[in-house]
1. Could you please find all residues in the range 73-107 being of a type in the set (Gly, Ala, Ser), surrounded by fewer than 15 Cβ atoms within 10 Å (Cβ to Cβ) and assigned to a helix (DSSP H, G or I)?
2. Evaluate the range 39-47: report whether one residue or more is at pLDDT below 85 and of a type in the set (Asp, Glu).
3. Just to check your reading of the model, which residue among Leu98, Leu90, Leu52 is within 25 Å of Gln40 (Cβ to Cβ) and touching a Phe, Trp or Tyr at 6+ places or on another chain (Cβ under 6 Å)?
4. When only residues in the range 66-80 that are among the charged types (D, E, K, R) and within 17 Å of Thr116 (Cα to Cα) count, which is farthest from the chain's Cα centre (by Cα)?
Amino acid sequence: MQTNLSSVMGNMDVSNSALPSPDTPTRAGLSFQRLDTSEQTVAARLGLEIKLLSSQCFVECQHWRDVSDVPAAMIDHFEAVSNSSKHIYLFTRGEPPLKTTVDFFNAAIEVSNAATKCGQCAQSC
C-alpha cells in the first residue's frame, strides 16, 4: 500500500510542527542557532585581536630565543600559547584545524594551561 505524502501532510498542522528549521539542527535535544550579524561582528573583531596578539607573541618568542639567560621551557610555553591562539583565530573564520566548539574550548584550555606554566617558570627564575 502506497501512501501519498500530501495526504499524510494534509492532516497535520505544519505551523505548530516540532520539526526543526534548517538553520537550527538538533542533536540529542540540543538546538544550534546561527549567530546574528552583531554576534558575528563581535566574534570577528575578537578573532582579529587574538590573531594580532598571537603574532606578537610569536615574534617575541623568536626574539627571546636569541637571549641566552631565558629558560627554553618558558619560550616553549609561550609558543604553545601562540599556536593555540592562532587556532582559535582560525576557528572564528571557520577554518581548520579546530572543527567543533569542543575543539575550540579545548584549545582555550590549552592556552590557559600553557600560560599558567609560563607564570610558574617566571616565578621560579
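The values are calculated or read from the model by the stated rules, or taken from the named source; none is laboratory data. No experiment lies behind these values; they were computed from the predicted model shown. Glycine gets a Cβ as well: all are built from the backbone with ideal geometry, and neighbour counts include every protein chain shown.
1. Ala73
2. Yes - at least one qualifying residue is present in the range 39-47.
3. Result: Leu98 is the single residue among Leu98, Leu90, Leu52 that is within 25 Å of Gln40 (Cβ to Cβ) and touching a Phe, Trp or Tyr at 6+ places or on another chain (Cβ under 6 Å).
4. Within the range 66-80, the match that is farthest from the chain's Cα centre (by Cα) is Asp76.
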